[in-house]
Amino acid sequence: MPKAFKTIEQYVLSLLRNDILSGKYQPGDKLRQDEVARRFEVSTTPVREAFRGLRSEGLVSIDANKGVVVKGLTVKDVAEIYELRIALEPLLARKAVNSISPEALLAAHDIHAEMCASTDPHGWSALNREFHLKLMMSEDETRLYEIVKNLLVVAEPYVSLSIFIHPQIQQADNDEHAMILEGYTRQNGKRVEKIVKQHLEQTLAAIQDSVNEQTLRQRNISAA
């Protein structure tokens, strides 16, 4: 196991995630615990935990009868997620500008620095969710925050996919995040609202392209 991974579970989870995002496993494929364990030469316990991790990331479903099944990432699904984010998140961000604590803003700057140094698509996408939530957590007692938080969670696999297929997107997003941080620092709610909306619209376009490209790859693999 490479030293980059602290546990066997993380190692297996990373390999399976990359297989799904690269199209090696296609929507509807079943992942069998014993087969995966043999493939990676590990016991079934870390494989079982890795499956749970994939489920939490929205990449597989786990059913008592059907087992572990790879889920498809679709343009229709991501469009719905981001239409809701575009409608709600800029409003929440504008409200949070007036209530964010200095500590939370500093923490968001630290997360942004980690994102700029990250080279792992999934690690970056996890930090991306944390970054946005940290900026808006001063509104965590509102219904709006809970809705946006849930949307960020279900959007994460799509963000991972877009970075996995087009790594250059990461730098563009880092630059846009810096602009959002500047708006918070200046306490300019209208500016933050505008930048967040533009950021989400551009992210949606990039993800849609990535999902379409992955779908084409999967068709080519099936035809080979």
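The values are calculated or read from the model by the stated rules, or taken from the named source; none is laboratory data. On a predicted model such as this, the values are computed, not experimentally measured, just so you know. Backbone-built Cβ (ideal geometry, glycine too); neighbour counts: all protein chains shown. Side chains included, ligands, DNA and RNA excluded: accessible areas come from the protein's heavy atoms. Shrake-Rupley method; radii C 1.70, N 1.55, O 1.52, S 1.80 Å.
Residues in segment 137-158 that are open to solvent by less than 50 Å² (accessible area, probe 1.4 Å) and either within 15 Å of L84 (Cβ to Cβ) or touching a Gly at 6+ places or on another chain (Cβ under 8 Å) (or both): L144, Y145, V148, L151, L152, A155, E156, P157, Y158.
From the set of residues in segment 50-81 that are in contact with a strand residue (DSSP E or B) (Cβ under 6 Å, 6 or more places away or on another chain) and in a helix (DSSP H, G or I), which is most open to solvent (accessible area, probe 1.4 Å)? Please lay out each step first, then the result.
Start the filter on segment 50-81 by keeping residues that are in contact with a strand residue (DSSP E or B) (Cβ under 6 Å, 6 or more places away or on another chain), which leaves 51, 54-55, 60-62, 67-71.
Checking which are in a helix (DSSP H, G or I) leaves us with 51, 54-55.
Working: F51: 9, L54: 0, R55: 118 Å².
Out of the qualifying residues, it is R55.
Does segment 101-118 contain at least one residue that is at pLDDT below 95 and open to solvent by less than 60 Å² (accessible area, probe 1.4 Å)? Within segment 101-118, one or more residues are at pLDDT below 95 and open to solvent by less than 60 Å² (accessible area, probe 1.4 Å).
Residue-wise test of (1) farther than 18 Å from G58 by Cβ; (2) among the polar types (S, T, N, Q).
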site: E139; (1), (2): yes, no
site: K149; (1), (2): no, no
site: P167; (1), (2): yes, no
site: Q170; (1), (2): yes, yes
site: E176; (1), (2): yes, no
site: L181; (1), (2): yes, no
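Of all the listed residues (L31, L84, L16), the sole one being open to solvent by 60 Å² or more (accessible area, probe 1.4 Å), of a type outside the set (G, A, S) and either in contact (Cβ under 8 Å) with a residue 40 or more places away in the chain or touching a Phe, Trp or Tyr at 6+ places or on another chain (Cβ under 9 Å) (or both) is L84. With respect to the conditions (1) under 24 Å from L13 (Cα atoms); (2) in contact (Cβ under 8 Å) with a residue 12 or more places away in the chain; (3) not polar (S, T, N, Q), G123 falls short on a single one, namely (2). Here is the figure for segment 159-169: residues that are surrounded by fewer than 21 Cβ atoms within 10 Å (Cβ to Cβ), in contact (Cβ under 8 Å) with a residue 24 or more places away in the chain and among the polar types (S, T, N, Q) total 0. Under 16 Å from I86 (Cα atoms) and touching a His at 6+ places or on another chain (Cβ under 8 Å): does that describe A178? No: the conditions fail for A178.
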